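To start, the structure itself, in structure tokens.
Please treat every number below as a calculation from the coordinates, not as lab data. Bear in mind that the values here come from a model prediction, so they are computed numbers and not experimental data. Cβ: placed from backbone, ideal geometry, glycine included. Neighbour counts: every protein chain shown.
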Amino acid sequence: MRSFLRSVGRGKRVRKRLGTVRVVERADFDEMELDARVAMIQSLVPLALMHVQDVLMKDVEALAGGRYSRDPATGYRAGSNPGTVRLAGQRVPIRVPRVRGEAGELPLPSYQALKGRGVVDDGLLRRVLYGVSCRNYEAAAEVIPGALGLSSSSVSRSFVEASSAKLKEFQDRDLSKENIVAIFLDGKSFSDEMMVLALGVSITGEKRILGFVETDTENEKVLTPFLQSLLERGMDISEGLLVILDGGKGLRAAVKRAFGSKAAVQRCQWHKRENVVSHLPRAEQAMWRKRLQRAYDRPTYKEARAALMLIYRELELKNQSAAASLLEGLEETLTLHRLGVFALLGRSFKTTNCLESVNSQIEERCAKVDCWKNSSQRQRWLATSLMDIEPRLRKAMGYQHMDKLRGALQKDLKLGGKSQEKAA
């Protein structure tokens, strides 16, 4: 008998409701004292439900005519059914009036919209993204009395649905309208996996997160198709592109293969400096770090290269591994100097700090997740975080000179540019 009761209990669907919802009629609201009406307006929920009933009754009158009227109509009143509407991101139970006609039930157009089916709940999405766990959502959220669907499992399902929609939106974004001049590429460790992100900077200085790819390491075989997919989505590099990256060989090879002769590479000076000093004794690292930084801060290509070569010759006598590290990729660390725009844009584009800032904001949103189950979960969380972060990104420092960067790239890469192609 006990096992039978257990089986019956399992099959029964239990809905958890947070108290009872208060519904007020228009006539009752009009008869209330001023203080009572003000309190109800401030709580908003009963007032919203009153307007919901008003909207539904207008649909009923349009289909069945006025109550007790003898006007010809397409349907007739047939009582009510239980239903729900979405208010403040939560489902609230109401009684839905019914209208029937010769062909059967006549749907109320307003009710279909008020149910909010298929609508991404941005409020729930942001609360979970900012740290409210699904288990504690009911206690932390500003709940509506009588609301449904705030159990941990229902909140989790809603978040999965909403974040899946964000991932699809992110992956399908058209890049043809983004006039990208520079792009930052860097890998981020994400739940014991590697995510390589691409952050673009437009001609007006706005930062746009272009995409990401999940990979084991920064290897060419994975990254080349990823960069090519950005071109397939409409990113135009015909007028030249500056690519800022660290010293990863796989990423550098992928850039060369995907973008060819239409891209110039700026190696991150911070990464280069730290790679060099890592070969030296800890007690001497601060001194050499300052010297390298002063050399890179020289305003012209000639001055900066001369200062770096002086350091190279000294390091060759002191530590050949450090000297070899400095010499490797030296020219690409001076690309902005060679283009003649270091004084104008060096603060923004000499390192990958713009992307590191994005990575730190991702960490704020995703570090609280203790259990990463699969790739879908990782990508949903990352895409949702990036879509939330992007509108908050500031313009690149020195954005007023982005047109000078484009002109310098066209000259250095021997590209004509759209205006010159039209003239030809």
Quiz item: Which entries in the list Lys166/Lys368; Lys256/Lys414; Lys221/Lys368; Lys302/Lys404; Lys166/Lys350 go over 22 Å, if you measure between the two C-alpha atoms of each?
Solution: Lys221/Lys368; Lys166/Lys350
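Give the peptides 383-392, 367-376, 294-303 in descending order of average Cβ contacts within 10 Å, highest first. If you can, show how the numbers build up before the last one.
Working: 383-392: 17.5, 367-376: 10.1, 294-303: 15.6.
Going by the mean number of other Cβ atoms within 10 Å, highest first, we get 383-392, 294-303, 367-376.
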Quiz item: What's the local net charge at Val85, with K and R +1, D and E -1, over the other residues with C-beta under 10 Å away?
Solution: +3
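In the stretch 174-209, which trypsin sites (Lys or Arg not before Pro) fall in coil by DSSP and have 12 or fewer other Cβ atoms within 10 Å? Present the calculation step by step, with values, prior to reporting the outcome.
On the way: sites: Lys177, Lys188, Lys207, Arg208; in loops: Lys177.
Those satisfying the criteria are Lys177.
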Quiz item: Which of the lysines could a cross-linker span from Lys168 if the Cα-Cα distance has to be under 22 Å and same-chain partners fewer than 8 positions apart are dropped?
Solution: Lys177, Lys188, Lys207, Lys373
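Assuming a ≥ b ≥ c are the square roots of the Cα gyration tensor eigenvalues, decide whether the stretch 310-424 counts as rounded (a/c under 1.5), prolate (otherwise, with a/b larger than b/c) or oblate.
Values: a/c = 2.46, a/b = 1.23, b/c = 2.00.
Oblate is the answer for the stretch 310-424, as a/c is 1.5 or above yet b/c matches or exceeds a/b.
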Quiz item: Under a plain spin-label model, where a point goes 7 Å from the Cα along Cα-to-Cβ, how far apart in nm are Trp372 and Ser261?
Solution: 4.1 nm
Quiz item: Shape of the stretch 179-413 from its Cα gyration tensor (a ≥ b ≥ c, root eigenvalues): rounded if a/c is under 1.5, otherwise prolate when a/b > b/c, or oblate?
Solution: oblate
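Assuming 0.36 nm per residue, please report the length gained on full extension of the stretch Ser69 to Glu303 beyond their Cα-Cα distance. List each step's numbers first, then the result.
Values: separation 234, 0.36 × 234 = 84.24 nm, distance 9.25 nm.
That works out to 75.0 nm of additional length.
Just want to confirm a number: the relative contact order over the stretch 179-413, from Cα pairs under 8 angstrom separated by 6+ residues, in percent. Before the final figure, lay out each step's value.
On the way: 363 pairs, mean separation 56.2, N = 235.
Computed over the stretch 179-413, the figure is 24 percent.
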Exercise. Evaluate the charge dipole of the stretch 179-413 about its Cα centre and quote only its size in Debye, nearest 20, assuming +1 on the Cβ of each Lys and Arg and -1 on the Cβ of each Asp and Glu.
Key: 640 debye
